[in-house]
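Read through the structure below, which is laid out as structure tokens, and then see the notes.
Values in this text are rule-based calculations from the coordinates and carry no lab data. Since the structure is predicted, the reported quantities are computational estimates derived from the model, not experimental observations. For neighbour counting, all protein chains shown are included, and Cβ atoms are generated from backbone atoms with ideal geometry for every residue, glycine included.
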Amino acid sequence: MRPGDFRFHALLGVYRTQEDSLRGEISSLERERKGVQGKIDELFRESRAARGILARGGRADEVQSVVRYVEGLGHWIEQSRGREEALKKRIGERMTALKAIRTERMRFGKLEERHRKQVYRHGKRLEQKVTDEFAQRKRPG
């Protein structure tokens, strides 16, 4: 292992771990958001069905129960929308954090590559220096 390689590998490993963790968190948040969206759709269907019952009419006590049910559905829909918006906001925050980590990982990746090139050039210069010294020793002088 070359000098400095451990440092770069350790940092890049940390960034990869953080990136993987954030991707997993975003994925689970996205699944949860889709579940909430499905719940909202289901509540809308129930609301439409209940309004259809209201349109047909019926006994006063039945209509009153259906009206309360529709109002409750509206409240649940609003709660679910709020939860969905909170999830979208959290996903956006995590995406921003993921972007920052990717940027840092790429920056350290470039630093690692630059370090490798410098180590390679330094090795070549040392090799050339040794070659030149042997060449000078061989010359009668």
Volume in Å³ per residue [convex hull over Cα atoms, computed for the stretch 5-138]: 88 Å³
Gain upon complete extension [Val67, Lys88; 0.36 nm per residue less C-alpha separation]: 4.4 nm
Listed peptides 121-130, 91-100 by packing density, highest first (mean Cβ within 10 Å): 91-100, 121-130
The chain: angle of helix 5-56 to the longest principal axis, Cα-based, in degrees nearest 10: 10 degrees
Nearest-ten-degree value, helix 60-138 long axis tilted from longest Cα axis of the chain: 0 degrees
Cβ-based exposure ranking for Val119, Val66, in which fewest neighbours within 10 Å come first: Val119, Val66
Cα gyration tensor category, rounded, prolate or oblate, for the stretch 40-79 with a/c compared to 1.5: oblate
Fully extended contour minus Cα-Cα distance, from Leu54 to Thr17, at 0.36 nm per residue: 7.8 nm
Top positive-direction residue, dipole computed over the stretch 5-138 with Cβ charges, set Thr131, Gly24, Gln79: Thr131
